[in-house]
1. Please return the ranges of strands (runs of 3 or more DSSP E) entirely within segment 1-118 where 3 or more residues are closer than 24 Å to THR153 by Cα.
2. Could you say which residue among SER95, SER52 is open to solvent by less than 20 Å² (accessible area, probe 1.4 Å), in contact (Cβ under 8 Å) with a residue 12 or more places away in the chain and of a type in the set (Ser, Thr, Tyr)?
3. Just to verify a result, which residue in segment 116-144, among those that are among the polar types (S, T, N, Q) and more than 14 Å from the chain's Cα centre (by Cα), is most open to solvent (accessible area, probe 1.4 Å)?
4. Looking at the structure I just gave you, is ASP169 of a type in the set (Asp, Glu) and open to solvent by 30 Å² or more (accessible area, probe 1.4 Å)?
5. With PRO29, PRO40 as the choices, which residue is without any contact (Cβ under 8 Å) to a residue 60 or more places away in the chain and surrounded by 20 or more Cβ atoms within 10 Å (Cβ to Cβ)?
6. Among the residues of segment 131-141, is there at least one that is in a strand (DSSP E or B) and closer than 21 Å to PRO81 by Cα?
7. Out of the residues in segment 145-166 meeting the condition of being open to solvent by less than 20 Å² (accessible area, probe 1.4 Å) and not in a strand (DSSP E or B), tell me which one is farthest from SER128 (Cα to Cα).
8. So if I check each of ILE101, ILE82, ILE111, which one is touching a Lys or Arg at 6+ places or on another chain (Cβ under 9 Å) and β-branched (Val, Ile, Thr)?
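The values are calculated or read from the model by the stated rules, or taken from the named source; none is laboratory data. What you see is a predicted model; the values in this text were computed from it and never measured. Cβ placement follows ideal geometry from the backbone for every residue including glycine, while neighbour counts extend to all protein chains displayed. Note: areas computed on protein heavy atoms with side chains; ligands, DNA, RNA excluded. Shrake-Rupley method; radii C 1.70, N 1.55, O 1.52, S 1.80 Å.
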Amino acid sequence: MKIAVIVFPGSNCDRDMQVAIKKIMGAEPEMIWHGETELPKVDLIALPGGFSYGDYLRVGCMAAKSPIMKEIINHAKMGTPILGVCNGFQVLTESGLLPGILMRNAALKYICKDVHLKVVNNGTIFTSSYDRDHVIRIPIAHHDGNYYADQDTLNYLEDTNCIAFRYCDETGEIRDTANPNGSQRNIAGVFNKQRTVLG
């Protein structure tokens, strides 16, 4: 399996993603600089977390205009799986590959802790190893993780089963107190309509 990790200036988790992919897949991913205009044929494109372009304008906005994004959008149209984590999720929304936006956390504070997520849709290439409603524990570290979309978009995501994960407590209950950043409907991850792009 061939995987590309996109490297943006200012990102600080691209090497973490590189190490994780190598550990899980047993193969070194190709690190692609944001200024490139071509991508090799790959089976997965990964957009890492970090502070692309310093997040000075709007998180992910400047990275979404990087030269490589035109090629990533083309690959998305062809069905290449794309995963965006943290700032990578923000880039996917800013580039229009996923609906909604990521805003400042409701408490306006940076959050770094472990949280629980409930698997909402396990029928995708990204989530098929989980059971539906499985509860997983993951670390988060973000200041702008508050998922927002208008009500029509939220309803569309619900109706088309494009919600990947929701914040929950350790028992799987979807509660306001389990929502670390104010994301609408406790949404922690979404898919595109084809379920080939995940943020």
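1. Details: elements: 3-7, 30-33, 44-47, 82-84, 101-103.
Qualifying strands (runs of 3 or more DSSP E): 82-84, 101-103.
2. Values: SER95 fails: open to solvent by less than 20 Å² (accessible area, probe 1.4 Å).
Answer to the check: SER52.
3. Within segment 116-144, the subset among the polar types (S, T, N, Q) is 121-122, 124, 127-129.
Imposing the further condition that a residue be more than 14 Å from the chain's Cα centre (by Cα) reduces the set to 121-122, 124, 128-129.
On the way: ASN121: 9, ASN122: 51, THR124: 10, SER128: 78, SER129: 115 Å².
Across segment 116-144, the extreme among qualifying residues is SER129.
4. Details: of a type in the set (Asp, Glu): yes; open to solvent by 30 Å² or more (accessible area, probe 1.4 Å): no.
It is false that ASP169 is of a type in the set (Asp, Glu) and open to solvent by 30 Å² or more (accessible area, probe 1.4 Å).
5. On the way: PRO40 fails: surrounded by 20 or more Cβ atoms within 10 Å (Cβ to Cβ).
None of the others qualify; the one that does is PRO29.
6. Filtering segment 131-141 for residues in a strand (DSSP E or B) gives 135-141.
From what is left, the residues that are closer than 21 Å to PRO81 by Cα are none.
No, there is no match, as no residue in segment 131-141 is in a strand (DSSP E or B) and closer than 21 Å to PRO81 by Cα.
7. Step by step, filter segment 145-166, then rank; the result is ALA149.
8. Details: ILE82 fails: touching a Lys or Arg at 6+ places or on another chain (Cβ under 9 Å); ILE111 fails: touching a Lys or Arg at 6+ places or on another chain (Cβ under 9 Å).
After applying the criteria, what remains is ILE101.
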